[in-house]
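This report refers to the structure that appears directly beneath it.
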Amino acid sequence: MRFENRLVLSAMAGINNAEFCRKQKASLVVLGGFNADEGAMEAARRAAERGREEFIFPDPLEGIEREIRALGRKKFAVNVRSATIEGYLDAAYLVESYSGILEINAHCRQPEFISARCGEWLLFNHEKLLEIVKAVSKITTTSVKIRGGHNMDYPALARKLFEAGCDAIHVDAMIPNGGCNFELIGAVSRYGFVIGNNSFTDIESGERMIRAGARMVSAARAVLRDRNFFEKMLESDLLSQPVEL
Ligand SMILES: Cc1cc2nc3c(=O)[nH]c(=O)nc-3n(C[C@H](O)[C@H](O)[C@H](O)COP(=O)(O)O)c2cc1C
């Protein structure tokens, strides 16, 4: 899969639908987070009830397919939560039929998703995460979104994820009190294709993530602050380079 620049729009539940993503100049956009089964959808309903923005679809897969179709020709990943492995598999077949990437969400930390055994729950249950990665990567191009900032052996996890068949790891290299852990990006990048994430706010921070070892860099909050964010980042020669996954 070839991308025309190193820029990625990172997932934002309740915001990253086709209409929002289509306007972005990033070569890869992440739709969602979406929920692929009833368990994850119910967790999203409860999160929405307390004010969190979420995509609530009456039929999870139908809703995801509608957004993919509305996106047009842009290269995309779909950020997916599911309480069951079947949800990931259904979403993987769907995404594959549109030549997309399935991004397994091992990142969301809202209590509703943790108790539904998805999102960051997977980061603490490696066996389950690896089982999902092995199954999904047989079906479609697979990325895993993980969160930094925990006391765990991230390089060992990265090695296992790539061995299990994932094509890319999307690392939210957050530092608990703010900022980006560039060393973590470097450490994980030794094992395969990494999309670096957190606090990419200008050309300098984006280029620093690439120099740390990431092949692509993603942004979420910066795009909410400035809808022309990616256009401005394309002034960088390094961030404008094409890249092959
Ligand atoms: C409103 C909002 C919703 C988000 N929803 C998701 C999500 O559904 N799935 C996910 O993996 N990350 C989600 N994230 C996390 C972002 O993708 C990103 O990892 C994080 O904001 C750090 O990157 P940034 O510094 O560029 O914002 C969300 C972030 C925001 C601000």
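Nothing in this text is a laboratory measurement; each read-out follows from the coordinates by a stated rule. What you see is a predicted model; the values in this text were computed from it and never measured. Glycine gets a Cβ as well: all are built from the backbone with ideal geometry, and neighbour counts include every protein chain shown.
Summary of computed values
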{"read-out": "q = 0.12, 0.14, 0.23 Å⁻¹: log10 I(q)/I(0) that the Debye formula gives for the stretch 1-77, counting C-alpha atoms only", "value": "-0.34, -0.46, -1.01"}
{"read-out": "Ranked list, fewest to most other Cβ atoms within 10 Å of each Cβ, for F3, F113", "value": "F3, F113"}
{"read-out": "Per-residue Cβ neighbour rank within 10 angstrom, fewest leading, D172, D202", "value": "D202, D172"}
{"read-out": "Dmax and Rg, reported as Rg then Dmax, of the chain (C-alpha, Å)", "value": "16.3, 44"}
{"read-out": "Distant-in-sequence amide H partners of K25 (H built 1.01 Å from N, under 5 Å)", "value": "F230, E231"}
{"read-out": "Peptides 176-182, 24-30, 154-160 ordered by average Cβ neighbours within 10 Å, highest first", "value": "24-30, 154-160, 176-182"}
{"read-out": "Among M216, M174, M152: highest mean-square fluctuation, GNM of the chain, C-alpha pairs under 10 Å", "value": "M152"}
{"read-out": "Of K145/K232; K75/K138; K25/K160, pairs whose Cα-Cα distance is over 30 Å", "value": "K25/K160"}
{"read-out": "Two-site FRET efficiency, N177 against R46, from Cβ-Cβ distance with R₀ of 22 Å, rounded to 0.05", "value": "0.15"}
{"read-out": "Scattering curve values for the stretch 136-187, log₁₀ I(q)/I(0), Debye with Cα scatterers, q = 0.18, 0.22 Å⁻¹", "value": "-0.59, -0.80"}
{"read-out": "Between the stretch 1-80 and the stretch 136-213, the Cα center-to-center distance that results, in Å", "value": "20"}
